[in-house]
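The values are calculated or read from the model by the stated rules, or taken from the named source; none is laboratory data. Note that the coordinates shown come from a computational prediction; the quantities given were computed from them, not determined experimentally. Quick reminder, even Gly has a Cβ in these numbers, built from the backbone with ideal geometry, and neighbours come from all protein chains shown. When the accessible area is computed, the model is the full protein with side chains, heavy atoms only, and any ligands, DNA or RNA have been set aside. Shrake-Rupley method; radii C 1.70, N 1.55, O 1.52, S 1.80 Å.
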Amino acid sequence: MATLEKIITDAVVATLKRRDEDDVIKIGVSARHVHLSKKDLYALFGEGYELHKKKELMGGQFAAEECVTIVSPNLRSIEKVRILGPLRKQSQIEISRTDTFKLKNSPPVRPSGQLKGAAPMAIVGPKGSIFLNECCIIANRHIHLPPYLADKYGLKDNDLVDVEVETGKPTRFFDVQVRVDESFTPEMHIDTDDANACSLKTGDVIKIITKK
């Protein structure tokens, strides 16, 4: 029969082990997707329309059941592009460099939300279409961290770090943006091009190399 001391010791060890597992930073591979404002959602799907959740994501975000078609000014298109919720103040499209070969456009590499100078794109939904002059980017590599883990690394929001990946093809990513928020779980987001080039998949573990 276990003693009280052993029960307490086992509980502490289990708690510390879970915390260590929670501190692990993993890769999240992000495919092309669209964020919509309420105004643009209504234009595409009809007045008063609400997105339907397909899968919960980090930080209160979710993949919606709904998809749209994106169309470049060259009239090249990609169908079935997933919408991510919740709604935002400004619509945004995130694609990979490989997608640009099909669309024949050249969006800049940017942090999410920085849309000045972004590429133009049309979005087609079941009830209508819209054209946005500055909406399409290739998202920069970034790491989501909760505050306690950012403190552990001595990091703050918008710091830049290097990242090493030992799985797949061993790789170092330079100048990866750090994003810090209470709602985040530890995760580094890369697009499908980076993942394929380095043989990475969602769930692979990274190592942060802080800059001196």
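Structure notes:
- Most mobile listed residue (76, 32, 141) in the chain, GNM with C-alpha springs under 10 Å: 76
- Taking the chain and dividing mean pair separation by its residue count, relative contact order in percent (alpha carbons under 8 Å, at least six apart): 24
- If you take all other residues with their beta carbon under 12 Å from the beta carbon of residue 115, and give Lys and Arg +1 and Asp and Glu -1, the sum is +2.
- For the chain, the longest principal axis of the alpha carbon atoms and the long axis of helix 4-23 meet at an angle near 30°.
- Helix-derived mean residue ellipticity, 222 nm - over the chain, DSSP H n ≥ 4, -39500 (n - 2.57), to 500: -6500 deg cm²/dmol
- Relative contact order [Cα under 8 Å, 6+ residues apart], segment 87-176, whole percent: 24
- Carbon/sulfur fraction of accessible area - segment 64-193, other protein chains in place, 1.4 Å, %: 50
- When the chain is treated as a Gaussian network with alpha carbon springs shorter than 10 Å, the biggest mean-square fluctuation among 85, 154, 117 belongs to 154.
- These residues, 52, 33, go from largest to smallest accessible area, 1.4 Å probe, as 52, 33.
- Across segment 131-148, computed HN-Hα scalar couplings (Karplus, 6.51 cos²θ - 1.76 cosθ + 1.60, θ = phi - 60°) run 10, 10, 5, 9, 8, 9, 9, 9, 5, 5, 6, 8, 10, 8, 9, x, x, 5 Hz from first to last residue, x flagging Gly and Pro.
- Residues whose amide H falls under 5 Å from that of residue 185, counting only those 5 or more places apart or on a different chain, are 59, with hydrogens built in the peptide plane.
- In the full protein context, the chain carries 57 Å² of accessible surface per residue, based on a 1.4 Å probe and ignoring ligands, DNA and RNA.
- When the C-alpha to C-alpha distance is required to be over 20 Å, the pairs from 38/127; 26/54; 80/127 that qualify are 26/54.
- Between residue 193 and residue 87, the simple spin-label model (points 7 angstrom out along Cα→Cβ) gives 3.2 nm.
- Net charge, residue 157 excluded, C-beta distance under 13 Å - Lys, Arg +1, Asp, Glu -1: -2
- Total charge dipole magnitude, the chain, about the Cα centre, Cβ charges on Lys, Arg, Asp, Glu only, Debye to nearest 20: 600
- The accessible area of residue 75, taken with all protein chains in place and a 1.4 Å probe, comes to roughly 140 Å².
- Net +/- balance of residues flanking residue 55 in space, Cβ distance below 12 Å, scoring K and R +1, D and E -1: +1
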